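**Q** Take a look at this one; I'll ask things after.
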Amino acid sequence: MAALRYGQAVYHRDEFNPDQLCQPTPILEFRQVWAEGRRWHPRPGDRTTLLLLKRQMPKQVSFERAYRGWRASGAKEERELGEGRAFLRWLQKHELSIAWEARDIELHPYFLQPDSPRHDPQDETSIGLSFAIAPVKVGERHVKLYLADEDVLRLLSLPYGHEIDFLTLVTEYVGQRHQWQAWQAPAPPFVEWLTNQGRKPVFKRGQLGFSLPAALG
């Protein structure tokens with residue numbers, strides 16, 4: 001029997017179709033920066049990018065100035081920590097944060113659809129959360145699931161699993177949570193429940209939203 005061969009699909013943002021299921025990663029991409037005699041395309045990764053976006057310090061500099069400064073310093077920890085974490089540590093060492101501008105970052109077009117869910121500003125449960133999940137109906141009730149940023153990033157980067165519509169998974173999980181509560185049984189977190197079953201979410205438009213800082217729109 002011939003061996004199975006696996007390839008890797010290559011996604012281009014200009015190929016995005018909002019009416020098809022997708023896995024919207026990377027969430028954020030940086031613009032190119034000219035530094036140390038060459039052009040760089042920063043790729044710190046979504047986890048580090050969210051930390052960079054949320055970092056607030058009294059002293060702020062532009063993204064371009066910060067990145068140039070880090071490169072000029074020799075970017076000594078890049079090989080050990082990776083680009084994103086090394087850049088963040090340099091900012092921490094110099095007690096800096098970034099004064100973001102709209103041109104600094106490009107958001108995945110999945111999150112730019114007009115029906116992307118958003119948190120209500122008065123919703124105290126959502127404070128500090130970057131991602132909003134559309135409510136699901138379980139029985140006669142509409143229920144919202146809240147996930148920490150790290151959990152959503154894990155969902156978006158799952159390398160394998162049986163692909164299932166995201167809100168189908170959320171609806172099933174919420175229904176199971178009600179059963180666990182009735183039994184007074186411990187409930188596993190959503191991501192663990194999903195991965196333990198070998199499932200991987202794919203997303204339709206309007207299911208998952210992302211909130212950028214005000215400076216970025």
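**Q** What FRET efficiency comes out for residue 19 versus residue 150 if R0 is 25 angstrom and r is the Cβ-Cβ distance? Round to the nearest 0.05.
**A** E(calc), rounded to 0.05, equals 0.30.
**Q** Apply the Karplus parameterisation 6.51 cos²θ - 1.76 cosθ + 1.60, with θ equal to phi minus 60°, to every residue of the stretch 18-35 and state each ³J(HN,Hα) to the nearest whole Hz, in sequence, with x for glycine and proline.
**A** Once rounded to whole Hz, the list reads x, 9, 10, 5, 8, 10, x, 9, x, 5, 10, 10, 8, 6, 6, 10, 8, 8.
**Q** Next up: Skipping prolines and chain starts, which residues have an amide H placed within reach, meaning under 5 Å, of the one on residue 210, given they are 5 or more residues away or on another chain?
**A** Those lying under 5 Å, H to H, from residue 210 are 132.
**Q** Right, here's the next one. Run through the DSSP bridge list for the chain and note the antiparallel percent, rounded to the nearest 5.
**A** Within the chain, antiparallel bridges account for around 70 percent of the total.
**Q** Moving on. For the chain, what is the mean residue ellipticity at 222 nm derived from helices alone (per DSSP H run of n ≥ 4: -39500 (n - 2.57); sum divided by total residues; nearest 500 deg cm²/dmol)? Please report the intermediate quantities before stating the final value.
**A** Working: 7 runs with 67 residues, N = 217.
Per the formula, -9000 deg cm²/dmol.
**Q** Continuing with the same structure: To the nearest 0.05, how large is the calculated FRET efficiency for residue 112 and residue 185 if R₀ is 41 Å and r is the Cβ-Cβ distance?
**A** After rounding to 0.05, the efficiency reads 0.50.
**Q** For labels at residue 101 and residue 162 in the simple 7 Å Cα→Cβ model, what's the distance in nm?
**A** About 5.0 nm separates the two model spin labels.
**Q** Now for a different question. With every protein chain left in place, what is the accessible area per residue of the chain in square angstrom, probe 1.4 Å?
**A** Accessible area per residue, the chain: 61 Å².
**Q** Which whole-angstrom value gives the distance between the alpha carbon centres of the stretch 149-217 and the stretch 83-107?
**A** Each part reduced to its Cα centre gives a spacing of 29 Å.
**Q** Can you return the lysines within cross-link range of residue 144? Criterion is Cα-Cα under 22 Å, with same-chain partners fewer than 8 residues away left out.
**A** 200, 204
**Q** Looking at the chain as a GNM with Cα springs under 10 Å, which of 123, 115, 19 has the largest mean-square fluctuation?
**A** 123
**Q** List, in order, the whole-Hz ³J(HN,Hα) value for each residue of the stretch 167-174 obtained from phi through the Karplus relation with A = 6.51, B = -1.76, C = 1.60 and θ = phi - 60°; use x for Gly and Pro.
**A** Coupling constants for the stretch 167-174: 6, 4, 5, 4, 4, 5, 5, 4 Hz.
**Q** Let me ask something additional. What's the carbon and sulfur percent of the chain's accessible surface, probe 1.4 angstrom, rounded to a whole number?
**A** The computed percentage sits at 49.
**Q** What are the residues whose amide H is under 5 Å from the amide H of residue 35, where those residues sit 5 or more places off or on another chain and H is modelled from the backbone?
**A** The list, which skips near neighbours in sequence, is 40.
**Q** Per-residue HN-Hα couplings for the stretch 113-126, Karplus 6.51 cos²θ - 1.76 cosθ + 1.60 at θ = phi - 60°, whole Hz, x for Gly and Pro?
**A** So the Karplus estimates, Gly and Pro as x, are 6, x, 9, 5, x, 9, 6, 5, x, 8, 7, 5, 5, 8 Hz.
The values are calculated or read from the model by the stated rules, or taken from the named source; none is laboratory data. Values in this document were obtained by computation on a predicted structure and should not be read as measured data. Positions of Cβ are backbone-derived with ideal geometry, glycine not excepted, and every protein chain shown enters the neighbour counts. To get the accessible areas, we keep the full protein, side chains included, count just its heavy atoms, and leave off ligands, DNA and RNA. Shrake-Rupley method; radii C 1.70, N 1.55, O 1.52, S 1.80 Å.
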